[in-house]
Amino acid sequence: MSILVGTASWTDKTLIDCGRFYPKEAKTPEARLRFYASIFPMVEVDSSYYAIPAPPVAVNWAERTPDHFVFNVKAFRLFTGHQTQPMVLHKDIQQELARRGPVPRQMYYRDTPPDIVDELWRRFHEALAPLKASGKLGLVHFQFPPWLMRNREGVAHVTHCVERMAGQTVSIEFRHASWFDSEAHRQSTLAMLRELKAVHTVVDGPQGFANSVPMLAEPTHPDYALVRLHGRNAVTYNIKGAASAAERFDYDYSDAELRELAAEIVRIAYRVRNTQVVFNNCDQDKGQRNGMSLMKLLESVAPPAV
């Protein structure tokens with residue numbers, strides 16, 4: 001049983017600006033990643049959601065971390081169905097789109113030319129290759145938007161994304177209540193993920209919204225379980241006009257809450273080979289502090305890794 005704890009990103013602006021996590025001498029991306037990896041055994045790459053990274057960037061990540069460090073990588077936002085500005089695409093793809101006619105201010109997957117879609121998937125796999133070659137690629141995480149509902153179209157798109165990621169282990173996170181709003185829906189959603197050999201993401205987050213999902217501690221993959229902790233700040237969760245994700249996920253878990261989570265995580269970990277815990281409460285250093293506290297708790301309640 002193995003439990004790895006990390007945070008969503010190591011480069012969040014509020015984390016760097018707060019000045020509490022990184023030492024003063026860690027002023028470069030390389031120094032920050034090396035310091036982060038000296039404390040945590042894994043991290044979730046958040047930047048890949050906003051733009052597909054260049055392979056040399058992933059090479060640097062692999063070279064700057066210890067041998068057994070793990071990178072989970074968030075899928076590019078166009079793939080998950082989020083609106084995407086063309087300016088984040090590779091320059092040659094932007095130019096090709098412009099050559100074909102007017103380019104919209106926001107693109108969606110369903111409206112993107114099939115050959116461009118194919119090329120973007122190819123480049124995403126290419127970006128992951130250095131991490132996979134180094135043995136440091138963990139899960140490829142698909143965080144679907146709140147409007148992806150449990151219906152024929154939604155199931156088809158999830159299936160499509162998993163098929164596009166053949167050869168990688170994919171984790172799936174839903175943000176619409178319909179996937180779990182009844183016992184029948186819960187069971188059919190979990191059955192779908194098992195059939196796809198995808199990892200169900202166990203989510204801790206604010207409740208009571210259309211984009212809330214319950215903390216359903218049910219693994220769907222024999223090798224991996226993923227727990228993502230968004231905090232429990234219901235006031236900011238759906239705040240309008242947030243400047244960054246840090247505003248939405250501004251939450252500091254209490255020691256009592258972390259103890260409860262540690263017990264639940266251990267129960268999950270007994271059912272799979274590898275359990276990963278990602279703190280996405282990314283305001284300032286809250287995720288890092290909570291992550292370090294959780295690791296200490298897990299040392300006291302979990303048996304040694306085997």
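The values are calculated or read from the model by the stated rules, or taken from the named source; none is laboratory data. What you see is a predicted model, and the numbers here were worked out from it, not measured in a lab. All Cβ positions, glycine included, derive from the backbone under ideal geometry; neighbour counts span all protein chains shown.
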Exercise for the section: Name the residue, out of F79, F71, that is touching a residue at least 24 places away in the same chain (Cβ under 8 Å), within 27 Å of V5 (Cβ to Cβ) and touching a Gly at 6+ places or on another chain (Cβ under 9 Å). Expected result: F71
Handout entry: Qualifying residues in region 12-50 (those that are in contact with a Ser or Thr (Cβ under 9 Å, 6 or more places away or on another chain) and small (G, A, S)) - the one surrounded by the fewest Cβ atoms within 10 Å (Cβ to Cβ)
Key = S47
Handout entry: Odd one out for E264, checked against (1) more than 17 Å from the chain's Cα centre (by Cα); (2) surrounded by fewer than 13 Cβ atoms within 10 Å (Cβ to Cβ)
Key = (2)
Completion exercise
Per the filter on region 17-52, residues under 20 Å from the mean Cα position of the chain (by Cα) and aliphatic (A, V, I, L, M) are L33, A37, I39, M42, V43, V45, A51, I52
Problem - Yes/no for T220 being assigned to a loop (DSSP other than H, G, I, E, B), β-branched (V, I, T) and in contact with a strand residue (DSSP E or B) (Cβ under 8 Å, 6 or more places away or on another chain) - result: yes
Fill in the blank from the handout: Counting only residues that are more than 14 Å from P66 (Cα to Cα) and either part of a loop (DSSP other than H, G, I, E, B) or free of Cβ contacts under 8 Å to residues at least 12 places away in the same chain (or both), region 18-41 contains a total of 10
Exercise for the section: State whether one or more residues within region 97-107 are touching a strand residue (DSSP E or B) at 6+ places or on another chain (Cβ under 8 Å), over 21 Å from V57 (Cβ atoms) and either at pLDDT 95 or above or among the polar types (S, T, N, Q) (or both). Expected result: yes
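Could you check region 285-303 and list, in sequence order, the residues that are of a type outside the set (A, V, I, L, M) and modelled with pLDDT of 95 or more?
Residues satisfying the conditions are D285, K286, G287, Q288, R289, N290, G291, S293, K296.
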Completion exercise
Quick count over region 54-76, residues being under 15 Å from the mean Cα position of the chain (by Cα) and either in a helix (DSSP H, G or I) or not aromatic (F, W, Y) (or both), is 5
Completion exercise
Exception for N233 within (1) buried (at least 21 other Cβ atoms within 10 Å of the Cβ); (2) within 21 Å of G6 (Cβ to Cβ) falls at (1)
Handout entry: Residue match in region 194-203 (condition: under 19 Å from the mean Cα position of the chain (by Cα), closer than 27 Å to W61 by Cα and polar (S, T, N, Q))
Key = yes
Completion exercise
Those residues of region 77-134 which are among the hydroxyl-bearing types (S, T, Y), surrounded by 14 or more Cβ atoms within 10 Å (Cβ to Cβ) and within 22 Å of the chain's Cα centre (by Cα) amount to T80, T84, Y109, S134
Exercise for the section: Mind listing just one residue for me: the one in region 143-173 that is farther than 22 Å from N274 by Cβ and of a type in the set (D, E) and, of those, surrounded by the fewest Cβ atoms within 10 Å (Cβ to Cβ)? Expected result: E163
Exercise for the section: With the condition kept exactly as written, say whether any residue in region 236-250 is surrounded by 22 or more Cβ atoms within 10 Å (Cβ to Cβ), touching an Asp or Glu at 6+ places or on another chain (Cβ under 9 Å) and modelled with pLDDT of 95 or more. Expected result: no
Exercise for the section: Tally the residues that are buried (at least 22 other Cβ atoms within 10 Å of the Cβ) and either touching a Lys or Arg at 6+ places or on another chain (Cβ under 8 Å) or of a type outside the set (A, V, I, L, M, F, W, C) (or both), restricting the search to region 1-11. Expected result: 5
